[in-house]
Each structure stands twice: as structure tokens, then as C-alpha cells.
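Just below is one structure, and these are the notes that go with it.
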Amino acid sequence: MGVGLGTRWRAWRRARRARRTFGAPRGFRAERFGGIVQTETPRALVFVDRAYARRLGHDGGALWDGPEPAATDDGGNIISAHHLSAPLEAHLQLTNRCDAGCTGCYTGATPQGGPAEWGRDEWLRAVDALADRGVLHLALGGGESAVLPWLGDIVRHARARGLVPNLTTSGLTHVDELCELAPLFGQINVSLDGVGEIYARVRGFDGFARVDAAVQRLRASTPHVGVNTVVTRVNYDHLEDVFRYCRTRGLSEIELLRFKPSGRGAGVFAELTCSDAQHRGILPLALRLARRYRRRVRMDCSYTPMVAHHRPGARLMQWLAIYGCAGGDLLIGAKAHGKVSACSFAAPPAAGPDVVGLGDYWDRPEAFGAFRSWREAAEPCSSCEVHDLCRGGCRVVSAHVSGSLAAPDPECPRVIDWRAAHPASAPAPGEISTRRRLPVLAH
Ligand code: SF4
Ligand code: SF4
């Protein structure tokens, strides 16, 4: 059956109206619920239902054969109805080589790197495999991937395949090479856990002046430079210095990361993780500093319980796209030897694939274990109104503290309050001090 000219004209006008709403889309990926539109201005991933995707001129093919998952009025959300057709973002640990020796390094990086690390050709194949799956963003890190002579080949190949490569770097080495590549990255974030003496107290060595010099050179090469700040009980009271520094240097973004007990971080977790009071205060503090210094602030996925503590409500969290533990779904990690993990902090699943073989593994029922089975949660997560957004908090912290990836996040304020009100079902009050050290990160 042919389609009339009038029908096609109306469809074209609808598509044009939709494009004006979002700017010119760079790409589209079909999902069961509709699809994901990647826009350049603003730089965003926009989740749209099937009707809207059709208005943009897309067809979901076999993915749209079944009934469309619907958002419900009680806060249920379409993204959690089923895992995505592929991750949105892959965090690639291109190497675990790094000379810095930071006290809490979450990958346990060393100058020698890890065993059986992949080289240029394997990572190029990985980029192809991820592009073929429809992955949209790459987060490149290490170790320190700036030391790799073939980093530029990976970045250029990612761009050629339509992926947006972002980079996290210590800023301590190979700054000339990074400045040359800088315009190719969507965003470069330099690890900066404090200004001046606080940097040294958190990282264990005095590197602030070198990092500051690198930040200035990178900023001269691209406007898309920010910082990653791992929040610990040492630097919590000094976060304002980081915001002030970012304004002084014209940096666009501050990403706050919760301290994770992985790599060398597992050994110092007890002394560096924030106190309960600090966790409860991080959201108002971050918002106040973002307003005062007019910087964009992001909080990593593991902070979702600390956001939920302030009861913004599921609808607002969903609207703001605040998702918790989306490892093995919205994002994946890949270790320096290529093995896939649910996120960059988690160990690869037993018998999991390397990143090139992700496609065969992704839809298996057992894929990513507890990361995918988050719906089978214990209290208080099972009755928490934001559970399908938060997904029980950070699995890596749960595994380290409670010995189980599936346990509720022991640092979530609601979990702490619930356990205080239900002492019979709560682990011992000293749970955190009796934590077990588990091999969260393997090479
Ligand atoms: S375990 Fe989950 S919440 Fe924690 S860092 Fe990984 S993806 Fe984020
Ligand atoms: S109770 Fe569980 S689901 Fe609710 S915010 Fe805390 S960790 Fe997340």
C-alpha cells in the first residue's frame, strides 16, 4: 500500500518539529520502549517513546514487536522495565599502568600495569564491537591511559565509528600528547581530590602544582575540561576550594564520586569513606557550591541513595535521569585485559566474556548476576519508593561491607535508619568496622 503525499508531508513536518525541540539529532538507537536520541546541542541522550521515535522517522524493527513498556503513575519507569538493548556507555580501562601510586587508587594501578593487558589492536576491535552494539559513549581511563602511544588511534577510531570518547586522566604525565588529542574528546576530566595540601593528604603525594599546570594547558586546548573529585572524609570540608578552583580555571564540570572499596581503596575504605553525616549532607552541599560558583556538578551513580535521602520523589528523580546502580545495563566496564564487568569498580563476572564478545552474553538470564537481579531486594530497598531508580545502591560497597553484592547499600541513610528501627534484622552496628575485604577488582 502506498503512502499519500499528504501523509508524508505531515510526517515530515512532525519530524521537523521534533528535531527543533531537540536540535539536530546525531544518532538514534531503538529500544523496547521506543528509543534513545543523541543530540549535540544540548549534548544529551533523550529517551523517547515509540510514538515520538516514529515522529523522528525511526522504526524499532523487531524490538517494537512486543507490547510497549509503559511508564506508570506510581513512579514506575520504562528504563527499569527491562535492561537496555546495549549499554549506553562503556568504561574502558585501557591500561592499569600508572606511576602515581595514589593511596586509594580504585584500580590498584602500578608502574608495571596488569597481567595480559590488551594492546592497540584488541582495543580497536573492542571499539568496533561496541559501535556495532549501539554503544554511544566511551569513558577512557586507566591506570593512566595518557602513557599509551596508541591512545590517539583509539580516540580517532571511536570518533570514526560515531562514539563519543571521554577521558579521565591524572594530569601528571604526557600532557603534550593529551593537548594534541584534546579537541577529539567529548570531555576530559582531570582527577583532582583537593587543592594544595589537601590533594597531598588524599592522594599520598604532593602533585597539585603539576596537575594545575596540566589543567591550564588542557583548558587552552578544549573548553570541555572538568575535574573528578573523589569525596572522602578528609576532603569533604574542603570541597569549596575545588569549586572555587574550577571557576578560576574556567572548568565546566565537577563530578563528585563516592569513595569505593576497590583496588587499593579497599584497604583504606574504613578511614577514607565519608561519615554518615557527611553522606546525608553531600547533596545540599553540592547544590550550594554549584550555585555559588556557577559550575555544573554531577554526582556519580553510587550517590543515588544520598540523593534519595532528601526525598525528591521518584517522579523528579526520573525526570532528572537520576539512576543508581545501572552497572550491567546502562553502563559496563572493561578491564585492562579486556574482560567485561558491570562497571569500572566491579570485578568481572565469573565466566564473563571479553568486551568483543559482549553481544553473546548481554541477553543471557544470568548475565551480570546481582547487578541485573536488583528487583529481588531485601528490606528496606524492596519497599523503597525509588528502588527502581536506585536499584539498591552501590553493589561494590555492599559486597565489601556486607559480603554480598545483593545486600542493600549499607551507607544509604534509609538503610541505616531502617536497621536502627529494626535491630533484630540489622547487621551489627559495627558492620562497617567488621567489613570483609573482597576482591572487588581483578586483573
Ligand atoms: S556498583 Fe553500581 S552504584 Fe556502584 S559504582 Fe558500580 S554501577 Fe555505580
Ligand atoms: S533504601 Fe535501597 S533503594 Fe532506597 S535509596 Fe536506599 S539503597 Fe536505594
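Annotations for the structure displayed:
- Candidates in the range 390-416 are the residues that are more than 12 Å from ligand 2 (Cβ to nearest atom) and in a loop (DSSP other than H, G, I, E, B); of these, the one that is nearest to Cys325 (Cα to Cα) is Leu405.
Let's see how each residue does on (1) modelled with pLDDT under 95; (2) in contact with a Phe, Trp or Tyr (Cβ under 8 Å, 6 or more places away or on another chain); (3) closer than 29 Å to Ile282 by Cβ; (4) not in a loop (DSSP other than H, G, I, E, B):
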| position | (1), (2), (3), (4) |
| --- | --- |
| Ile332 | no, no, yes, yes |
| Pro348 | no, no, no, no |
| Gly359 | yes, no, no, yes |
| Pro365 | yes, no, no, no |
| Ser382 | no, no, yes, yes |
| Asp388 | yes, no, yes, yes |
| Pro423 | yes, no, yes, no |
| Ala428 | yes, no, yes, no |
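- Considering residues of the range 367-380 that are among the hydrophobic types (A, V, I, L, M, F, W, C) and in a helix (DSSP H, G or I) only, the residue farthest from ligand 1 (Cβ to nearest atom): Ala370
- Selection of the range 262-294 for residues being of a type in the set (S, T, N, Q) and in a helix (DSSP H, G or I) yields only Gln278.
- Within the range 269-322, considering residues that are touching a helix residue (DSSP H, G or I) at 6+ places or on another chain (Cβ under 6 Å) and hydroxyl-bearing (Ser, Thr, Tyr), the one farthest from ligand 2 (Cβ to nearest atom): Tyr293
- Qualifying positions in the range 390-415 - closer than 20 Å to Ser275 by Cβ, surrounded by 23 or more Cβ atoms within 10 Å (Cβ to Cβ) and touching a residue at least 40 places away in the same chain (Cβ under 8 Å): Gly393, Cys394, Val396, Val397, His400, Val401, Asp409, Glu411, Cys412, Val415
- Only a single criterion out of (1) without any contact (Cβ under 8 Å) to a residue 24 or more places away in the chain; (2) surrounded by 23 or more Cβ atoms within 10 Å (Cβ to Cβ) is not satisfied by Cys246, namely (1).
- Flag if Pro312 is more than 26 Å from Thr110 (Cα to Cα), in the same structural domain as Gly204 (by TED's automatic domain parsing) and not in a helix (DSSP H, G or I): yes
- Qualifying positions in the range 368-387 - among the small types (Gly, Ala, Ser) and either within 13 Å of ligand 2 (Cβ to nearest atom) or surrounded by fewer than 20 Cβ atoms within 10 Å (Cβ to Cβ) (or both): Gly369, Ser373, Ala377, Ala378, Ser382, Ser383
- Of the criteria (1) out of contact with any Pro (no Cβ under 7 Å at 6 or more places or on another chain); (2) surrounded by fewer than 22 Cβ atoms within 10 Å (Cβ to Cβ), which one Gly328 fails: (2)
- Considering Asp74, Asp128, the condition of being modelled with pLDDT under 95, surrounded by fewer than 23 Cβ atoms within 10 Å (Cβ to Cβ) and of a type outside the set (A, V, I, L, M) is satisfied by Asp74 alone.
- Criterion (under 24 Å from Thr95 (Cα atoms), of a type in the set (A, V, I, L, M, F, W, C) and either within 15 Å of the chain's Cα centre (by Cα) or outside the structural domain of Val355 (by TED's automatic domain parsing) (or both)) met by exactly one of Ala336, Ala326: Ala326
- Residue check, Thr304 at pLDDT 95 or above and either aliphatic (A, V, I, L, M) or closer than 23 Å to Gly392 by Cα (or both): yes
- Filtering the range 140-159 to residues that are in contact with a Pro (Cβ under 8 Å, 6 or more places away or on another chain) and surrounded by fewer than 24 Cβ atoms within 10 Å (Cβ to Cβ) leaves Ile154, Val155, Arg159.
- Residue selected from the range 381-407 under the condition more than 15 Å from Pro305 (Cβ to Cβ) and more than 19 Å from the chain's Cα centre (by Cα), by the criterion farthest from ligand 1 (Cβ to nearest atom): Gly403
- Which numbered condition Ser344 fails, given (1) within 11 Å of the chain's Cα centre (by Cα); (2) within 16 Å of ligand 2 (Cβ to nearest atom); (3) among the polar types (S, T, N, Q): (2)
The values are calculated or read from the model by the stated rules, or taken from the named source; none is laboratory data. None of these values were measured; they are calculated from a predicted model. Please note: Cβ atoms are built from the backbone with ideal geometry, for glycine as well, and neighbour counts cover all protein chains shown.
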